[in-house]
Amino acid sequence: KSIREQSANPVDPQSVVLPPYMADHPIIREEFATYLDQVEYMDNEVGMLMNELKEKRLDENTIVIFIADNGRADVRAKGYLYDEGTHIPMIVWGKGIKPGVVDDLVSQLDITASILHLAGVETPKHYQGNVLDLFRKAEDTTTPQHQGHEYVYTARDTWDEVIECIRAVTTDRY
């Protein structure tokens, strides 16, 4: 059975709000609803893993970072430098991790800097990543607070056999 057929509450394609650049067509609505069903399936799978960590009492010394490597496999998304391709989901969970949503401009370099911080390793001065606030303990006053990046550079040079030199600069406004 497909993931959509296994869903207890499959998304109604007619209720889907499509992005403005996608054609409003029954096939596209069905595909988008299927994607949302897959997100629900993934959420349940991650929930099972998190419960297993708790059952094995590993949740007290484990940090989970769940992140996508690209946007949706769709128009303007995966492989492209539009927001749909560069704004990717990230869930961080663990003891000492502050709950909340990060609205700042974040680079994947920030994840490495944050992991180094958790391990007690100082981020090298030349490294461009910042420690995300959610990785800091409340009493931590030694590391400068992350205020987000003023801009984030993204690039794509090849995609499978296609050679394209695409560059983008993202800011809060653009």
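Here is how the numbers come out for the structure above:
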| quantity | calculated |
| --- | --- |
| Sum of side-chain charges, Leu109 neighbourhood, beta-carbon under 15 Å (Lys, Arg +1; Asp, Glu -1) | -3 |
| Charge sum, other residues only, whose C-beta stays under 14 Å from His25's C-beta, Lys/Arg counted +1 and Asp/Glu -1 | -3 |
| Protection proxy ranking of 165-173, 115-123 - average other beta-carbon atoms within 10 Å, highest first | 115-123, 165-173 |
| Crossing angle, helix 108-118 versus the chain [Cα axis fit, 0-90 degrees, rounded to tens] | 40 degrees |
| Total formal charge among the other residues, if their Cβ is under 15 angstrom from that of Val152, Lys/Arg +1 and Asp/Glu -1 | -3 |
| Share of carbon and sulfur in the accessible heavy-atom surface of the stretch 1-99 [1.4 Å probe, %] | 55 percent |
| Solvent exposure of the chain as accessible area per residue, Å², 1.4 Å probe | 71 Å² |
| Lys56 versus Asp103: modelled label distance in nm, points set 7 Å from Cα along the beta carbon direction | 3.8 nm |
| Spatially close lysines, pair count over the stretch 1-140: Cα under 29 Å, gap of eight or more or interchain | 12 |
| Cα pair distances of the chain binned at 10 Å [whole percent] | 8, 27, 31, 25, 8, 0 |
| Candidates per trypsin sites (Lys or Arg not before Pro) in the stretch 21-92, loop by DSSP, up to 11 other Cβ within 10 Å | Lys56, Arg57 |
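The values are calculated or read from the model by the stated rules, or taken from the named source; none is laboratory data. Because the structure is predicted, anything quoted here is derived from the model rather than measured. Reconstructed Cβ throughout: ideal geometry from the backbone, glycine too, with neighbour counts over all protein chains shown. These area figures cover heavy atoms from the full protein model, side chains too; ligands, DNA and RNA do not enter into them. Shrake-Rupley method; radii C 1.70, N 1.55, O 1.52, S 1.80 Å.
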